[in-house]
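The structure follows.
The values are calculated or read from the model by the stated rules, or taken from the named source; none is laboratory data. Note that the coordinates shown come from a computational prediction; the quantities given were computed from them, not determined experimentally. No Cβ is skipped: glycine too gets one built from the backbone with ideal geometry, and neighbour counts run over all protein chains shown.
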Amino acid sequence: MFQDIERNVSIAEFRKIYDSTFSILFRVAYRIVADEEAAEDLCQEAFFRLYEKNMVFPNPEEAKYWLIRVVKNAALNYAKRKERERRAYQRAFRELTQIQETGEGILLRQETQSEIQKALEKLPENLRMVLILKEYGELNYKEIGRALGISEGNVKVRIFRARERLAGILAKDG
């Protein structure tokens, strides 16, 4: 992957961008799609798009924010497509998804993660995305604002509202 990148971006520059952003991109994608392989594929596709478009940024931070937007959008599209496929499968075969019991600890962890994921899905997209970027992408307010194209103050308000709504949803669902 790093061998032919000589057009406008040096191998060292590309590797620096890759090394500094891959883990963030993966965490964001994983929280949206809930599938490690898919999250990794989405991240790799974002880097291929960066390469194919021969994009040059004034600094690595700008590349990072561009990649976050690409991965976020691709992950949302992937999640929507998978949800449509799941619903179509259930309608066609009238099968319910089954939870495999492999131990009490694993089951409790899976149920908790599932509850949180379902609660996250109930949030409006603008609140869900800031919370995912903050909690799972481990970005600060300024970085989230730059990635989403909103002010830092707006990020703080959205995160506060997202946390309140999430707590309410989790409390209501038990």
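Can you tell me how many residues within segment 133-174 are at pLDDT 90 or above, part of a helix (DSSP H, G or I) and among the hydrophobic types (A, V, I, L, M, F, W, C)?
Number satisfying all stated conditions: 9.
Taking segment 144-174 as the search range and keeping residues that are acidic (Asp, Glu) and more than 22 Å from ILE24 (Cα to Cα), which one is nearest to the chain's Cα centre (by Cα)?
Result: GLU164.
Test ALA74 against the criterion of being buried (at least 17 other Cβ atoms within 10 Å of the Cβ), in the same structural domain as ARG15 (by TED's automatic domain parsing) and out of contact with any Asp or Glu (no Cβ under 7 Å at 6 or more places or on another chain), and give yes or no.
Criteria not met by ALA74.
Anything in segment 9-65 that is over 18 Å from the mean Cα position of the chain (by Cα) and either under 22 Å from GLN117 (Cβ atoms) or not in a helix (DSSP H, G or I) (or both)? List them, or say none.
Correct list: VAL9, SER10, LYS53, ASN54, MET55, VAL56, PHE57, PRO58, ASN59.
Suppose we filter segment 43-102 for residues that are at pLDDT 85 or above and among the β-branched types (Val, Ile, Thr); how many remain?
Matching residues across segment 43-102 total 3.
Could you say whether any residue in segment 109-130 is modelled with pLDDT of 75 or more, assigned to a helix (DSSP H, G or I), in contact with a Phe, Trp or Tyr (Cβ under 6 Å, 6 or more places away or on another chain) and closer than 27 Å to THR21 by Cα?
No, that holds for no residue.
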